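Have a look at the structure below before the remarks.
The values are calculated or read from the model by the stated rules, or taken from the named source; none is laboratory data. For clarity, every value in this text was computed on a predicted model and none was experimentally measured. Note that each Cβ is placed from the backbone with ideal geometry, even for glycine, and that neighbours are counted across all protein chains shown.
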Amino acid sequence: MLRIEALTKSFDGFMAVNNAHLTVEQGEVVAVIGPNGAGKTTLFHLITGQLAPDSGSIRFQEKEIAAKAPHKICRMGIARSYQVVNLFSRLSVFENVQVAVLARRGKTFNLFRPSRTIAVEETHQILDSVGLGGKADRVCGLLSHGDQKVLEIAIALGSRPALLILDEPTAGMSPEETAQTLALMKRLVAEFGLTILFCEHDMAMVFSIADRIMVMQQGQTLAEDTPEAVRNNLLVQEAYLGGGAAPC
Amino acid sequence: MDFASNITAAALFQQVLVGLSRTTILFIVSSGLSLVLGVLRIPNVAHGSLYMIGAFLTYTIASAVGSGAIGFWIALVLAPLGVALLSFAAERGLFCHLYEREHLMLLLFTFSMTLVFNDLVKLIWGSDYRSLTAPGFLQGSFDVFGLPFPRYNLFLLFIGPLVAFGLWFLTNRTKIGKIARAAAVDREMVGAMGINVGWIFAVTFVIGCYLAGLGGALVAPTQNITQGMDHTIIIEAFLIVIIGGLGNIWGALLGALIFGLTDSLGILIWPQFAIVFPYVAVVIVLLFRPKGLLKSTW
Amino acid sequence: MIRALFSAKTLLVAALLLAALILAPQVVSRFYIYLMALIFATGLLATSLNMVLGFGGMYQFHHAVFYGFGAYALTLLLTKAGMTPVFAYLLAPCCSAALGLLLGLITVRLTKLYFGMLQISLGSLVWALAYRWYSFTGGDDGIHGIPLPDAVYSSTGAYYFSLAVCLVSLLIMYLIVNSPFGRIFQGIRDNPERCRAVGVDVHRHQLAGQAIAGFFAGVAGTLFVTVEGSVFPELMFWTLSLELIIMCLLGGWFVFLGPMLGAAIIVVLRTFVGIYTEYWTLVLGVVLMLLIFFLPEGVLGFALKKAGPAGADPAKE
């Protein structure tokens, strides 16, 4: 579904992403791990079109998407959540997700029908499926951090993507919230047939859900393999996992 | 429609000179605005009012001292200082409390100061316009290829580079200038180094406003000193600063050159629509370089 | 649809207000009728600005251009083209909308201050053209004694016309703000990056917003011509544009009727303070400074915050 080859991006001489490669098949859950500064978020920015690569190719469903505009990439079927919560601060939880649904349905130039009455059911469905159904009318600035991160995912779901990209979905969450998010991710794959690409620092969580893992270091792809293979990979052990204890 | 009927080499040369002397005034005013915009990040709409106050003050001081030449020179020294004093009071009393606000708010605040200053001028000087004659030896004009060129304009041509050099020296060769430039780029860093950023801001602001007053003082003998002066000059100054690059003094010079020269050439080519030429030039520049021609400090 | 948008209480208050406004010419002197008509026009203009300013987050520094352009369009269509008034009144706002689109195509690529400055420079260009084109626009004198249709020629006629047009326009703009487009537009204000990430073509929506705001500014321009019978280049001057922003700030720019309130306050202040002193601009300046210091959310915004919970829908009146 997603094929990245020889992707490179540098900022003023600093190579954020250096000849990276990655393959994601449909229905897979792939994790990207690596120390801070390894280039994970830059990689995601490149996939979703926020940044244009210097060289290399990103192919989504056989189509080249590198350097395309973000809104066009979204329409092709990729949606993302952000590492640092990036919501519509003045709108309610419901309205946040509704924006994504309206955009997907192409209703954004509808000038005269009250937006309160459009796409209501679908928005509520999405909120219920992530567990935010009861908080639909709250202004999202008042939510707990954990709920905001879940809202991030809900907004991405509003675009009904084929590929869902999650940037540190459990960062800053309590153990219960992490478990809930984990369950949510499993459900999204099982019930909705989503393909998920995510990055995380919580190794326990990564190893419990990922079908494959890609390890990044200094912008390069260090390894791309099944969890077991990655765990036993000497290079990875040396560079990142250290003596088995992982940064959290 | 007399279109391009006067273009001879002589007329061209003369108009270029006129344009350059207009550039002096525009540069002096715009550089002050650019300084304030670049270092303090305040879009000071009241800059035009200070220019106008400078002109009115010059008139008053020159008239009070009397006897032509001496009066003008004394006014030229004192009027900008008066404006600087006024701006110092405004900065300490009002602006320093608003530095953390959004640009739009600062812009509206300075606009409200424009309203206040406008009426204060009306209160003090009344609604009539004033005119001031230049000192004796600067009056009249001399021949340039058969066309008249005002002597006062030559004086302006002389002053312009002087002020430019002075500003360059101030910002590049003095300690305070270097600190101000650093504060323009990263005020937190400068503050972290133990320097009193508030004081730097105050000094920069006062110098910028001094320049506005100086521009007004210099322009006083060349045109009627009226109520609407502030409105026209501030738009011109802002556009010059934008096309030059926010906070860039040399950008202000470049912008002033473009503005002054297109204006005078416009008078030559299509007198009726002469004022349109500079705006067209600005639009063209902004279409290709929306952030200005030279590097800004933002 | 009306029922879906307004509560019963709001409808009642609105009906009472409307009744009062309709009866006004019977009880109130001609001067006040003229003043109110002016408030309708100015309030409509301020509301059209707020469509892109408060609801869209765009630094619309020269909105007055579209206002003056609409006024000139109506005037020139009536005087030079001899168009039937009905068509002229409908075409003039479309001209403003077209100008909004044209300027927007150039400016929307930029953000914030740069957007505002480019708009000011383009707008000043239009102003300069109107200011100097004596043969076509009357130059700095403007055009006076415009032949208006009989129905709106009298001050009462102009009043009812302004009231009706203002009402209909406000209703349409309110619908737009609460529509999906309005929702997306507010999303663009709060987080344009996120909007792109969910598939919204931000520039295209901003362009549409510019056209809409320009259209209604043009409508306000036609109202001005109806009330005053003249047009002049000051309608396109940048000081008016900043005054409009002040009106939005004063009334509260996250509230739909805020700009209307702000416009009313300014017009009333200008008229009545102007009776006592010729230094009314000084008063306005001081009031504004106090406002910026103490009430950044505007009068209405401040009142709403005191009255309702923090989650109140800002688009409701």
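Structure values in brief
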| quantity | calculated |
| --- | --- |
| Candidate set: the range C:109-119, residues that are buried (at least 22 other Cβ atoms within 10 Å of the Cβ) and more than 7 Å from chain B (Cβ to nearest Cβ); chosen: the one farthest from residue B:284 (Cα to Cα) | C:116 |
| Odd one out for residue A:185 among (1) farther than 21 Å from residue A:210 by Cβ; (2) of a type outside the set (Val, Ile, Thr); (3) buried (at least 19 other Cβ atoms within 10 Å of the Cβ) | (1) |
| The lone exception for residue B:192 - which of (1) modelled with pLDDT under 85; (2) within 14 Å of chain C (Cβ to nearest Cβ) it fails | (2) |
| Tally of residues being more than 24 Å from residue B:104 (Cα to Cα) and not in a helix (DSSP H, G or I) across the range C:88-114 | 0 |
| Criterion: farther than 30 Å from residue C:138 by Cβ, aromatic (Phe, Trp, Tyr) and crowded, with 19+ Cβ neighbours inside 10 Å - qualifying residue of C:256, C:216, C:272, C:237 | C:256 |
| All helices (runs of 4 or more DSSP H) inside the range C:1-74 with 1 or more residues being under 21 Å from residue C:265 (Cβ atoms), more than 14 Å from chain A (Cβ to nearest Cβ) and more than 12 Å from the chain's Cα centre (by Cα) | C:8-27, C:30-53 |
| Test for residue C:166: is it within 10 Å of another protein chain (Cβ to nearest Cβ), of a type outside the set (Ser, Thr, Tyr) and part of a helix (DSSP H, G or I) | no |
| Filter result for the condition that a residue is within 25 Å of residue C:284 (Cβ to Cβ), modelled with pLDDT of 90 or more and more than 14 Å from chain C (Cβ to nearest Cβ), over B:78, B:86 | B:86 |
| Within the range B:92-106, considering residues that are touching a residue at least 24 places away in the same chain (Cβ under 8 Å) and more than 8 Å from every other protein chain (Cβ to nearest Cβ), the one nearest to residue C:58 (Cα to Cα) | B:106 |
| Hey, residue A:11 without any contact (Cβ under 8 Å) to a residue 60 or more places away in the chain and either outside the structural domain of residue A:139 (by TED's automatic domain parsing) or in contact with a Phe, Trp or Tyr (Cβ under 7 Å, 6 or more places away or on another chain) (or both) or not | yes |
| Members of the range A:45-80 found to be in contact with a Leu (Cβ under 8 Å, 6 or more places away or on another chain), of a type in the set (A, V, I, L, M, F, W, C) and in contact (Cβ under 8 Å) with a residue 60 or more places away in the chain, listed by number | A:47, A:60, A:78, A:79 |
| Residue identified as of a type outside the set (Phe, Trp, Tyr) and touching a residue at least 24 places away in the same chain (Cβ under 8 Å) among B:248, B:196 | B:248 |
| Test set (1) surrounded by 19 or more Cβ atoms within 10 Å (Cβ to Cβ); (2) at pLDDT below 85 - residue B:118 fails condition number | (2) |
| Residue list for the range C:230-289, filter: more than 23 Å from residue C:131 (Cα to Cα) and among the small types (Gly, Ala, Ser) | C:251, C:252, C:258, C:262, C:263, C:264, C:274, C:285 |
| Output for the range A:137-159, where each listed residue is buried (at least 17 other Cβ atoms within 10 Å of the Cβ) and either in contact (Cβ under 8 Å) with a residue 60 or more places away in the chain or under 15 Å from residue A:120 (Cα atoms) (or both) | A:148, A:149, A:151, A:152, A:153, A:154, A:155, A:156, A:157, A:158, A:159 |
| Extreme residue, farthest from the other protein chains (Cβ to nearest Cβ), among residues of the range A:77-122 that are crowded, with 18+ Cβ neighbours inside 10 Å, part of a loop (DSSP other than H, G, I, E, B) and aromatic (Phe, Trp, Tyr) | A:82 |
| In the range A:14-27, residue farthest from the other protein chains (Cβ to nearest Cβ) [restricted to those that are surrounded by fewer than 17 Cβ atoms within 10 Å (Cβ to Cβ) and in contact (Cβ under 8 Å) with a residue 40 or more places away in the chain] | A:19 |
| Condition check for residue A:151: in the same structural domain as residue A:63 (by TED's automatic domain parsing), at pLDDT 85 or above and either of a type outside the set (Phe, Trp, Tyr) or in contact with a Leu (Cβ under 8 Å, 6 or more places away or on another chain) (or both) | no |
| From the options A:133, A:172, residue that is small (Gly, Ala, Ser), more than 10 Å from chain C (Cβ to nearest Cβ) and more than 21 Å from residue A:196 (Cβ to Cβ) | A:133 |
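Yes/no per residue for (1) crowded, with 22+ Cβ neighbours inside 10 Å; (2) among the acidic types (Asp, Glu); (3) at pLDDT 85 or above:
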position	(1), (2), (3)
C:124	yes, no, yes
C:144	no, no, yes
C:151	no, no, no
C:157	no, no, yes
C:160	no, no, yes
C:163	no, no, yes
C:166	yes, no, yes
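A quick yes/no check of all residues on (1) closer than 24 Å to residue B:112 by Cβ; (2) aliphatic (A, V, I, L, M); (3) buried (at least 19 other Cβ atoms within 10 Å of the Cβ):
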site: B:59; (1), (2), (3): no, no, yes
site: B:63; (1), (2), (3): no, no, no
site: B:73; (1), (2), (3): no, no, no
site: B:77; (1), (2), (3): no, yes, no
site: B:82; (1), (2), (3): yes, no, yes
site: B:87; (1), (2), (3): yes, no, yes
site: B:92; (1), (2), (3): yes, no, no
site: B:96; (1), (2), (3): yes, no, no
